[in-house]
Each structure stands twice: as C-alpha cells, then as structure tokens.
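Have a look at the structure below, then the notes.
What follows is calculated from the coordinates using simple rules that are stated; it is not laboratory data. Since the structure is predicted, the reported quantities are computational estimates derived from the model, not experimental observations. Positions of Cβ are backbone-derived with ideal geometry, glycine not excepted, and every protein chain shown enters the neighbour counts.
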Amino acid sequence: MAIDRDLRAAIAVTRFGLGARAGEIEAARADPEGWLTGQVRPGGADQPQPGGPTAAQRFAEFRDYAQERREEKAEGGIQKGDKADPVRMAARLLRDDTGADFLARVQLAATTDAGFRERWALFWCNHFTVSATKLVTATLIGPFEQEAIRPNVFGRFQDLLIASSTHPAMLIYLDQAQSIGPDSLAAGRMARGGKAGGLNENLAREIMELHTVGVDAGYSQADVTEFARAMTGFSVGGPRMAPDQVGRFMFREAAHQPGARTIMGRRYGQDGQAQALAVMKDLAASPHTAHHLATKLAAHFVADDPPPALVERLKRNYLDTHGDLAALARTLVAAPEAWAPEARKFKTPYEFMVSGWRAAGTTPQDLKGVAPILNGMGQKVFSAPSPKGWPDETAIWCAPDAIIKRMAWSEGFAAGAVAGRDPSQLARDALGARLTPLVAQAVARAETRPEGLAILLMSPEFQRR
Amino acid sequence: MSDPSSPVASPALSRRDALRAAVGLGVTVEFLGGRAFAAADGALASKKLVVIICRGGMDGLSVSPPVGDPNYAALRGAIALPGFDQPGGALALDHTFGLHPALTSVHALALKGQARIAPAVATPDRARSHFEAQDVLESGGTVVYGTSSGWLNRALQAMGPAGRVQAISIGATAPLLLRGKVEAASWAPGGAPERDHRLPGILQDLYAHDPVLSQALASGLSTESMARIASADANHALMADAPSPAMAAGAAQAQPAAAALARFNPRQGAEQARKLGATLAGLMIQPDGKQVAGVSFDGFDTHANQGAAQGQLANRLAYLDGFLDGLVTGLGPAWKDTVVVAATEFGRTAHVNGTAGTDHGTASTALVLGGGLKRGGIVGDWPTLQPAALFENRDTAPTLDMRGLFKGVLADHLGVDRRALDTLVFPDSAAVAPAAGIV
C-alpha cells in the first residue's frame, strides 16, 4: 500500500501537474488525490504576475500604432532599417509586451505550488486558442487568457465558452468583429456607400467544430451559416467609439442579421445578442460537446488513445453537472484509469521545459533563453499553427530533430542549472517512485553533475508523464 | 632557454593572420584586444601551462600499461595490452612501463625526454564518486566543497596582480579548475556548446525499451552526423590554400562534431582533436596570448567493453594524443617553454570486471609533457600490482599526492613560491611536498 501511495504521489505531481519541484512528491504523498483536488477552486486559475495591461488598453495602443503607421506611409514611406523610426519602435514595443506576457506565464508554471491547477488552465488556453498570427492578436493573447480563460476554468463550461467568444482577442483572431448580417442595417448602409461587407463564418464554424460539439456532431454547412448569422453584431469597440468602449466587446445591433435562426434542428427566435448566446448555451449542453471535451481531456491527461471507460466517466459527469468544470476536474482525479502506472503521454516542448525548470528549481529570467529553444523544438511562442491549438500526440513531438534539440538544450541547461547539486538526488526529487533503477544507475554513473542532470531530463521517464 | 625578455611570437603567424583566423572561429575581438603582453615580465613572460582534465576516471593501467609487472596480464585479462614488440603492444618507456599504442605522439615526445608519466597519483579523495573526485581535483582542497574556486585560478592570483598572467578555458562553461577571483576567458569551438559525446550513447541504452524515442534519437543523430561531416569537408577544402597553423585551426569549428564522429571513426576524431590543439596553440602564441589554459575531455568512464589496443578507451586516448600533437606542433618554438599536465579524478579497478571494463578505482596515471622537462623516469613510486599492494584489495595504490605533482610544476615552471602553494593554492597542504625534478 505504501509503495502504491509513493507511485500515486509521483503520478499526481508529474502526470496531472507540471512536474515535480524538490519536495513536491513528498508533500503529495499523504493524500495524492487530495493534493490534486485541493487545487480545484471556484475562483479559477492563478494569474501570471505582473498582470499587465488589459485587452482594451492593448487594443487602444495597437490602434494608435496602426494609425501612426498609416500616416507615415502616406507621408512618403518608412526608411528601411531606421531603428529610431517611431513606428518600428512601436511595433517592437508591442512585440516586447507579448514576450513579457509569455515570460510571466512561463514563470508561473515554473514556480507554482498548484501544478494541476495550472495544467488545467493551460488545457483550456489551448482549447480556446488565439494564435499570434497577426501582431494585434499577439498582444491580446496574454490579456485573453487572463480575462476570459483563467477566471472561468473551474466554473461552468458555457460561461467559459461565452467569455471566450465575446473577448476581443477571439473576435479579432477569427474575424468575427467585422462579420455583418447580409440583411442588416449596416449592410444596407455599406451597399449604398459602395463598400463590400458581409458574413464571416470563421468563428461560428470553429466554435462548433473545435470548441463545442466537434466535427462529427452531424451539423451541416447550413447550420454553420445560420449560427454565423446569429453571431453577427458580436464585435469590438473601435477607435471612434467612446473611450470606455474602445477595445471591449460590443454588440453592434446594426450589424446583426434580423430574424429567427434554425441551428441543428432547433429554432432561435430571440432578438439581438440573446440569440447567439442561447445557441452557445445549447451547444455547451449538447452530449456531443460532453463527448468531445471528455475525449480531449482524457487524451491530454492520460493517453493519446484514451481508455473508453475514462471518456465515458467524464462525459457522464459533464452531463450530470451541466458542464461544471470543477466537478469534471475532480472526476478526472478520481478516475482509476487516469492512474495507470504506465506513463503514456509524451511532454510537449512547453511541458518539457517547464518540468525541467521545476526539476532544477530554477526560473527563466529572460525570454532569450526560452523563445528560441521552444521555436527550435517546434512550439513557437503563442503561435499555435491553427485555431485547433497545439496537438499533444507523441508522434508529433517525438521527432528526430526535436529530440536532438531537446538533448542540446538539456546539456546546456544542465551545465548552468545543476550548480554543484547531486543529480541522483535531483532524479529522486523529480520522479519519486517513477524513477527506474536503469535511469537511477545511469544518472549515478554520469561523469559530471551536468551530464547526470541531462540524462535525467532526457530519460524516457522524464519525457513521458 | 631563449632570451627570456624577448616577446614570444610565432614566426608563422602574423597578427593579421591571427585576426583572420579568429574571425573564422567566431572568437570575439575583445579576446584579441586585451592587455599588452608585457604584463608578465622576466622569465615568467614566456612560460605556458596547459592543464587537461580527463573526466570519467581515466584508466591509468591502460594509459601507461605496466606490461613488465608480473601481475598485470592476469589482472587485466581480455583488456590487457600485449607486451612490447607484439602487434598492438604497448609502446616501451622502460622495462616495466609502456604507453598505450594510441598514444603515438606522446611516445615520440617521451623518447626525446619531453613526456613522463606519474603512474600512481591520486587526489586526497577516496569516495570513488566522479562528482566529488572532480571537485577535489579541480578545487585543490582535501574534501568535497572544500572551496568554490579552482587551484589554477588561485595559482594565477599567486603569480601577481590580477591580469599579469592570463588564462583561458576551452569549452562553453568554465571548469571549476579555472573559476575564481581572476577572470579567465573561455572559448568553445565554433561558438557552440561542446557536445557531451557520451550522452547519445547513454540515451540509446536508456531508450532500449522505448522504441519511439529510440528511433527518433537514432534518426536525429544520423542526420546530424551527416550534416557535420559535410561541414567538416567544407572546412577541409578551405584549408587547402591556407597553410598557416592558425588558419588550419579554423577547421576546428567542426570540432563539436569530432566527439560524435569519434564514436564511429577514430582517425577522423583524432584529426579533429589535432585541429583543436593547434587552435589552442594559435590562441596562446599570439603576441597578447593567454599563458595558462584549462581543457577538459570527457568519455573516460569505461565500465563495459573498454577495449585494449583498439576500442572505446583507445579512441579517447587517440583523441587526447591528437590534441597534444596539434598543440605541440602549433606551439612551435614556444613548446620549449610549455608544460602540459593531463590528469583524471581517479583511476580504475586493477581487475577487469565482468563486462570487459573496469569500475571506479583510486590511483591513476598523470601525463606530464613539456619541451623543457628534466629527464628522468617515472614521477613518484610504483607500488606494483602485487595482491598485497593493491589499495583496498582492488585499486592501484596511490604513492603520489596529485597536489604534489601540480605543486612541483607550479613551483619549478612558473615560479610560484612554496608558501603560496601550501596555503593559497592548495590550502593546508604544507605536508604535501612539491614533486621535484620535473621541470
């Protein structure tokens, strides 16, 4: 029983959490499940520190920058290579803001005592991906996670969905902000002014396909179009709005497509923004959404090909509690399938580096030591390849070049981080009962301390969770 | 001895050549700037010291096999080196000792009286732990964590005001040996961190039961090694019309590859090592070059299949030999004022173990080389390999304190005084006498 508890403590901290800091596995040993469920709290996830400006402030700054850029272009162009050029400086500042957001997030992950809570938050950040494909969305990702995602990760899923779908970052990233109902007042005005404008289905489609019911839920193109029409008017306050509206969610009645909509066989006769909100609530309550989320959660925490019993357990809980995410987190922790001794998940580069910092008890102080490495390993900072977010299947990340880069980073990192400590002790602290005799022996036989730590970081037991 | 007041400069290397070479190597301009060479004056100004740490526990009984010791062959079994004049046999030094057949350059120097062995030397540490023993070897203390600076750095302090004698370490991070109050430069080939050449092999073993990781690593390594061979070839082509030693050293950019390649192609590994040695020589003989250098090589932890005349350890020794050859050649006339010491944290068991390797032991061999060495036999005494003479019934017994060896070199070559040696450089070591008669 004691051995079983040792292993469960190690699994709690390394599989559900972000990897062990020294003493963490020991702290979880008395009650591994309680150690995890104690991290579930109604207030949501932790916030990276310092919090930084709000999305509205960032948006306003960006609009100023864009305005200046336009003016400068009109005045005869920007001198190439002129670093003092105010527009270039502004662009750099905006990029620096994004970098600071990412560094704060990484520092939180490297130091938090509530690793499960942060992993849970990161799962939802990735589920509702906003990617830095445009400069304006880049600066909004940090605020998006802090304002829309983190406060809601232990609330009801429909609230999380609505918070995401009404946040300026998401509305801009998936082109919802400028979507206009074909029969709306705004469309009429634009047509008379000779301007084109119309419906954009991007966000509506991704909400259905990625955020809620999933691609196999049996909806049609007509359902997507109808939902997109219902969502028209969901937008962001522009620079000509009152100062307290700039960069905030705003429902533009004039852009909304009038009339009732029918989506997935259900009729929505509401007026204004109530219509799309009603659709979102129904989507959140759908058994398809329960199945989609249960599958994705189980695949993220337990195995690429998750045990059907676990998926069923999570799905049932989701439906029984009407999408209570705190209950869902507790159900995941209570599920016996989630505690299988075999570590079947392969860490993403982000998880790998975070767990490396935690094992060494260090915190990155500078993005320079983080961003190029993550980029090299294939997980560019805040830049998931699509709205689907980062994949987390082994086959994606356990690739030849990426492993060489992990090895190179491990060596360099270990040389600086080991600081005279005994790598065998670091290995025991990092893996607890998951430390195999083979790895323990290889670490103990290392020629140097840095080599010992590098072996630990590169061991299958450390790279898998 | 040349006129000690004359500045040391390579006849083959102009400042422009050096600068061009340095640019090719990614060496910073700061490195070439620095103080005028006149900082160190008198006889000291021309003296150079290179300390090589062979990490992992280098097997002294293979470096300088005592093939004339009646117990040697039986203890060593399959990894015993054949006697003198036999195929793959030891290269004779005297009636008892030879050198490993991979150490051809060292042997050639030994025949000229420019290389000697200390066959039973050990630090005061007896724990047989790599980490502890390396700490003790480099810190110059008697116990682990004895001090947080290296003895070579404190020796620089003892040689006068900071900056009078300057030092450089080779590798991305400074070894403990050179850490401390006196700032030492460091340089890594190609500007890239030096690859721990052991790690891929260790990981391949660890991944034996993880086919996904194992295949990814194997495939990644093979691609990387192909890329590096291509880069080494490119460097080789560049060398064809650049005959000066420092320019030839430019090819050492590909050195990180050398370690990886050494696993598969020992000859190519030694060739890369030769270039690294020549590069260091080039850096030391510039008009404002560093007089003291610290270098470390890993890969000497031969628990299994260590080989005899050929194999794992032979490849590492060939690498060491190549480095020394490149260094000596590159130093040219400055070799006569240079001393090199190569030492390891501990030796290995006298008995071969069950996996054709050896485990952590106690005393090992240190190599002392220099253009101006005094002639003489082995440094220190030979305890023999008789069963009763073995330390704790398993290892070569130490007869010489490692600190005594270093002290002898620092005193006779660099003129560090005895009091500083006994207190500052090697704290509380008054009882350890400097080994006399080496330089």
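I need the calculated FRET efficiency for the pair B:Asp205 and A:Ile396, taking r as the beta carbon distance and R₀ as 30 Å, to the nearest 0.05.
So, using R0 = 30 Å, E works out to roughly 0.75.
Can you give the Kirkwood hydrodynamic radius for the stretch A:154-244, in Å, rounded to one decimal and based on Cα pairs? Intermediate results must be reported in sequence, preceding the final value.
Values: mean 1/r = 0.0699 Å⁻¹.
Across the stretch A:154-244, the inverse of the average 1/r is 14.3 Å.
Other chains' Cβ within 10 Å of B:215-221 residues: what's the mean?
6
How well do other chains shield peptide B:207-213, expressed as the mean number of their Cβ atoms within 10 Å of each residue Cβ? Intermediate values should be presented prior to the final figure.
Details: counts 5, 2, 3, 7, 0, 7, 9.
Per residue, the average neighbour count from other chains is 5.
Under the rule of at least 5 residues apart or a separate chain, name every residue whose amide H is placed under 5 Å from the amide H of B:Ala293.
Residues meeting the amide H criterion: B:Leu49, B:Val50, B:Val51, B:Ile168.
Read phi for every residue in the stretch B:426-439 and hand back ³J(HN,Hα) as whole Hz from Karplus 6.51 cos²θ - 1.76 cosθ + 1.60, θ = phi - 60°, with x for Gly and Pro.
10, x, 6, 10, 4, 6, 9, 7, x, 5, 8, x, 8, 10
Evaluate the Debye formula for the stretch A:349-463 with equal point scatterers sitting on the alpha carbons, no solvent, and hand back log10 of I(q)/I(0) at q = 0.10 Å⁻¹, in q order, two decimals.
For the stretch A:349-463, the Cα-only Debye profile gives -0.30.
Roughly how crowded by other chains is peptide A:64-71, in terms of the mean Cβ count from those chains within 10 Å of each of its Cβ atoms?
Working: counts 0, 0, 0, 0, 0, 0, 0, 0.
Shielding by partners across A:64-71 averages 0.
Enumerate the amide H contacts of B:Ser186 below 5 Å, restricted to partners 5 or more residues apart or on another chain; note that Pro and chain-start residues carry no placed amide H.
Result for B:Ser186 returns B:Ser169.
If you line up the Cα atoms of the stretch B:278-429 on their principal axes, what length do they span on each, largest first, in Å?
53, 37, 27
Once the cut-off is 27 Å, how many percent of the Cα-Cα pairs in chain A end up in the long-distance tail? Numbers along the way, then the final one.
Values: 62300 of 107880 pairs.
Value for chain A: 58 percent of Cα pairs lie more than 27 Å apart.
So how many Å³ per residue does the convex hull of the Cα atoms of the protein assembly as shown work out to?
Numbers: hull volume 174.5 nm³, N = 904.
Per residue, the Cα convex hull of the protein assembly as shown comes to 193 Å³.
Looking only at the protein assembly as shown, where both bridge partners belong to it, what percent of the DSSP beta bridges are antiparallel (to the nearest 5)? Mind showing how you got there, number by number?
Details: 22 of 45 bridges.
Close to 50 percent.
Over 30 Å between C-alpha atoms is what I'm after, so list which of B:Lys275/B:Lys374; B:Lys336/B:Lys407; A:Lys315/A:Lys368; A:Lys405/B:Lys48; A:Lys345/A:Lys388 land there. Present the calculation step by step, with values, prior to reporting the outcome.
Working: B:Lys275/B:Lys374 28 Å; B:Lys336/B:Lys407 20 Å; A:Lys315/A:Lys368 42 Å; A:Lys405/B:Lys48 38 Å; A:Lys345/A:Lys388 19 Å.
Violating the 30 Å limit, Cα to Cα: A:Lys315/A:Lys368; A:Lys405/B:Lys48.
With θ set to phi - 60°, apply the Karplus curve 6.51 cos²θ - 1.76 cosθ + 1.60 along the stretch B:123-128 and write out the HN-Hα couplings as whole Hz, x wherever there is a Gly or Pro.
Each residue's phi maps through the Karplus curve to give 6, x, 7, 10, 7, 6 Hz.
Once you have the alpha carbon radius of gyration of the stretch B:281-368, what is it after dividing by 2.2 N^0.38 Å, with N set to its residue count? All intermediate terms of the calculation are to be shown ahead of the outcome.
On the way: Rg = 16.0 Å, N = 88, 2.2 N^0.38 = 12.1 Å.
Output field value: 1.33.
If you split all Cα-Cα distances of the stretch A:245-312 into 5 Å bins from zero, what percentages do you get per bin, shortest first?
Calculated P(r), rounded to whole percents: 3, 14, 17, 14, 12, 12, 11, 9, 7, 1.
Using alpha-carbon pairs under 8 Å, 6+ residues apart, how would you state the relative contact order of chain A in percent? It would help to have the intermediate numbers written out before the result.
Working: 739 pairs, mean separation 92.3, N = 465.
For chain A, the relative contact order is 20 percent.
Using only helices, what value at 222 nm comes out for chain A when you add -39,500 (n - 2.57) per DSSP H run of length 4 or more and divide by the total residues, to the nearest 500 deg cm²/dmol? Please list the in-between numbers first.
Numbers: 24 runs with 254 residues, N = 465.
Taken over chain A, the calculation gives -16500 deg cm²/dmol.
Rounded, prolate or oblate for the stretch A:283-328? Axes are the square roots of the Cα gyration tensor eigenvalues, ordered a ≥ b ≥ c, and the cut-off for rounded is a/c under 1.5. Don't skip to the end; give the middle numbers.
Details: a/c = 1.98, a/b = 1.72, b/c = 1.15.
It is prolate, given that a/c is not under 1.5 and a/b is the larger ratio.
About its Cα centre, how strong a charge dipole does the protein assembly as shown have in debye, to the nearest 20, once Lys and Arg get +1 and Asp and Glu get -1 at the Cβ?
Numbers: 89 positive and 90 negative charges, 225 e Å.
Charge dipole, the protein assembly as shown, about its Cα centre: 1080 debye, nearest 20.
Taking amide hydrogens as modeled 1.01 Å from N in the peptide plane, which residues meet the under 5 Å criterion relative to B:Val165, leaving out close sequence neighbours?
Close amide H contacts, sequence-distant or interchain: none at all.
Would you kindly derive the ³J(HN,Hα) couplings of the stretch B:129-139 from the backbone phi angles with the Karplus curve 6.51 cos²θ - 1.76 cosθ + 1.60 (θ = phi - 60°), listing them in order in whole Hz, with x for Gly and Pro?
Coupling constants for the stretch B:129-139: 9, 3, 5, 4, 5, 5, 4, 5, 4, 8, 7 Hz.
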